[in-house]
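Structure first, commentary second.
The values are calculated or read from the model by the stated rules, or taken from the named source; none is laboratory data. On a predicted model such as this, the values are computed, not experimentally measured, just so you know. Don't worry about glycine lacking a Cβ; one is built from the backbone with ideal geometry, like all the others, and counts go over all protein chains shown. SASA here: full protein model, heavy atoms, side chains in, ligands and nucleic acids out. Shrake-Rupley method; radii C 1.70, N 1.55, O 1.52, S 1.80 Å.
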Amino acid sequence: MAVTTARFGSRTCCPGVKRDLSTSFALSASLRSKVEFELYSTFNDERSFGKRRTLKVSCEKRASAIVEKDASLSELAVGNAAQLSVVMKFGGSSVASSERMKEIAGLILSFPEERPVIVLSAMGKTTNNLLLAGEKAVCCGVSKVSELREFLHVQELHLKTVDELGLDKSVISGEFIDSTSDFQMAVTEIAITQLVCFLIQLEQLLKGIAIMKELTPRTRDYLVSFGECMSTRIFAAYLNKMGIKARQYDAFDIGFITTDDFTNADILEATYPAVAKRLHGDWAIDPSIPIVTGFLGKGWKSGAVTTLGRGGSDLTATTIGKALGLREIQVWKDVDGVLTCDPNICPNAKPVPHLTFEEAAELAYFGAQVLHPQSMRPAREGDIPVRVKNSYNSQAPGTVITKARDMSKAVLTSIVLKSNVTMLDIVSTQMLGQYGFLAKVFSIFEDLEISVDCVATSEVSISLTLDPSKLWSRELIQQELDHVIEELEKIAVVHLLQHRSIISLIGNVQRSSLVLEKAFNVLRKNGINVQMISQGASKVNISLVVHDNEAKQCTEALHLAFFENGFLSQVEEADSCPNGSSSVN
């Protein structure tokens, strides 16, 4: 039998390799040997940067038919292709299983008027499992890597998903199936073969970590990148199996250029023209739905895979939206848009229909899990609306985020709780009438790479709350806090207050007096003392610091007072009375 070899981009596969996923999800020894022998040598250029993609098919019986068909499609596309219109980003819960992938595919097809770019996160809890597997590999020993529960879960989830989507059945024999187009069949075969290679490479990487007995930030980024690389290949293969032309892209291969700040890299300006050139160019030649990995980039100095921080797929989506100048950016989550509060705290939280970019950024930074803190910047700069919708409830209107909105009737938009915050009181008479003292304080935080959330100052003291700047996935450890205090005590008296929470009231600062009056009335009735308050430069946020054990009660009481007891209706009624006779309690 002749072995069919397909090359798409810089990726090579041999569909003649047999696969049997029906009896076991584990990679068999024979499968390993075949894949490693036939594919691994050609897989080294899997992540090459910026290479033009080609489709080269050599087969004794079908080569000419495939090439002719692909050429005719390309010629048709050059003259008739409409431009890409929207970005649709789906998080991990939206692609957590084969059933969810089928639902997302159906959701995408329910908007036939759109020409979307799809951005995907890793499947379900894959990123967490990869990180845990890496941490365990440091101390488990090479021989135990293949038995790590987290690694086995990742392997089983992806192979099971391939099986349940029916993708394996068409490639087990290594022959083309007449009922499926040759182009889409070739893409599907490549995706499945690449998935097996990724799982082999993942195991080898974990063994390397076990040998070195360390997990550096650079290796951590490379490790977690496997999640997005696998999920996008599976989903693109499924769309092609359904007869919908789709093309998978790794973000670091299409121009996502970042700083070399591993685990929390920043996107550089060179990204925008590079991404536009690649995606617009490929679409013009051969229109296929782009399926892009979220969360990932490529360090401009190191050339290594970087990540954009937890939740960075949102930033990938808004960056693509700005680069391509698209009409809208859609972020599909597992809630009905941005809510008035965390539904786990306040079950009666309601969707917020409209937000400004400034409000959304404040919500994200101070704890709302709906959006990535940095994701609003590209959309704001490109003046592209962001729509947050629910992939479990596509009929819900969601939340539209724009540069400006009518604030005439707005009072409070949302309440956000950020728990387990560390607070410092810094007292020094050196501040009185002196310059440079604040610079000394903040230079200490800069040196230790710790960012500050909120600040309040007086003539002789500073109160502030701390956040681990670069490491979104962990909390400040006591060793770091001891170091901060040691350095600060050289210039001031320092009081450390742990187990605090920030309650942020996001709304119309022009109504700040009304908001504060109502908020402190609620807090007084509940016997809660505010330990710090910060309003400052933000025009939409008032932050209150309370003790952790009072935070949930406080948040519930505030939400009840502002959103569930008719307060906003009373404000509107008062505003509508020309003589101001109506009062708000």
Next item on the list: Within the stretch 318-328, count every residue that is over 17 Å from residue 280 (Cβ atoms) and not charged (D, E, K, R).
Entry: 1
Checklist line | Tally, over the stretch 458-503, of residues that are open to solvent by 60 Å² or more (accessible area, probe 1.4 Å), acidic (Asp, Glu) and modelled with pLDDT of 75 or more | finding: 4
Next item on the list: Give the residues of the stretch 215-232 that are under 15 Å from residue 126 (Cα atoms) and either open to solvent by less than 10 Å² (accessible area, probe 1.4 Å) or of a type in the set (A, V, I, L, M, F, W, C) (or both), sorted by residue number.
Entry: 221, 223, 224, 225, 226, 227, 228, 229, 230, 231, 232
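Among the basic types (Lys, Arg), open to solvent by 30 Å² or more (accessible area, probe 1.4 Å) and in a strand (DSSP E or B): does that describe residue 298?
Working: among the basic types (Lys, Arg): yes; open to solvent by 30 Å² or more (accessible area, probe 1.4 Å): yes; in a strand (DSSP E or B): yes.
Answer is yes for this residue.
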Notebook entry, point to check: Between residues in the stretch 517-534 that are free of Cβ contacts under 8 Å to residues at least 60 places away in the same chain and residues that are open to solvent by 60 Å² or more (accessible area, probe 1.4 Å) and hydrophobic (A, V, I, L, M, F, W, C), which pairs lie under 7 Å by C-beta distance while being six or more apart or on different chains?
Noted result: none
Note to self: Quick check on the stretch 107-122. Is at least one of its residues in contact (Cβ under 8 Å) with a residue 40 or more places away in the chain, open to solvent by less than 20 Å² (accessible area, probe 1.4 Å) and closer than 30 Å to residue 211 by Cα?
What the structure shows: yes
Check: If you check 263, 306, which single one turns out to be of a type in the set (Val, Ile, Thr), at positive phi and in contact (Cβ under 8 Å) with a residue 60 or more places away in the chain?
Finding: 263
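Quickly run through the stretch 204-214 and pick out the residues that are surrounded by fewer than 19 Cβ atoms within 10 Å (Cβ to Cβ) and at negative phi. Before you say what the answer is, go through the steps one by one.
Initially, the stretch 204-214 is screened for residues surrounded by fewer than 19 Cβ atoms within 10 Å (Cβ to Cβ), giving 204, 207-208, 211-214.
Selection gives 204, 207, 208, 211, 212, 214.
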Notebook entry, point to check: How many residues does the stretch 234-252 contain that are open to solvent by less than 10 Å² (accessible area, probe 1.4 Å) and either under 25 Å from residue 273 (Cα atoms) or free of Cβ contacts under 8 Å to residues at least 40 places away in the same chain (or both)?
Noted result: 6
Note to self: Can you list the strands (runs of 3 or more DSSP E) lying wholly within the stretch 330-437 that have 2 or more residues being open to solvent by 30 Å² or more (accessible area, probe 1.4 Å) and either modelled with pLDDT of 90 or more or at positive phi (or both)?
What the structure shows: 412-427
Notebook entry, point to check: Taking the condition open to solvent by less than 30 Å² (accessible area, probe 1.4 Å), touching a helix residue (DSSP H, G or I) at 6+ places or on another chain (Cβ under 7 Å), among the β-branched types (Val, Ile, Thr) and part of a helix (DSSP H, G or I), does residue 306 pass?
Noted result: no
Margin query: From the list 99, 113, exactly one residue is among the acidic types (Asp, Glu) and at pLDDT below 95. Which is it?
Written below: 113
Notebook entry, point to check: Does residue 79 count as at pLDDT below 95 and under 30 Å from residue 148 (Cβ atoms)?
Noted result: no
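Take the stretch 532-559 and flag every residue that is polar (S, T, N, Q), closer than 22 Å to residue 509 by Cβ and either crowded, with 19+ Cβ neighbours inside 10 Å or at pLDDT 90 or above (or both).
Just the residues of the stretch 532-559 that are polar (S, T, N, Q), to begin with: 534-535, 538, 541, 543, 549, 553, 555.
From what is left, the residues that are closer than 22 Å to residue 509 by Cβ are 534-535, 538, 541, 543, 555.
Passing the criteria: 534, 538, 541, 543, 555.
With the requirement that a residue be in a loop (DSSP other than H, G, I, E, B) and small (Gly, Ala, Ser), what does the stretch 487-501 give you? Break it down into steps so the answer makes sense when it comes.
Initially, the stretch 487-501 is screened for residues in a loop (DSSP other than H, G, I, E, B), giving 489-492.
Once the filter is applied, which keeps residues that are in a loop (DSSP other than H, G, I, E, B) and small (Gly, Ala, Ser), the stretch 487-501 yields only 492.
Do the conditions hold for residue 334, that is, is it over 16 Å from the mean Cα position of the chain (by Cα) and farther than 19 Å from residue 415 by Cβ? Break it down stepwise before answering.
On the way: over 16 Å from the mean Cα position of the chain (by Cα): no; farther than 19 Å from residue 415 by Cβ: yes.
Against the criterion (over 16 Å from the mean Cα position of the chain (by Cα) and farther than 19 Å from residue 415 by Cβ), residue 334 does not qualify.
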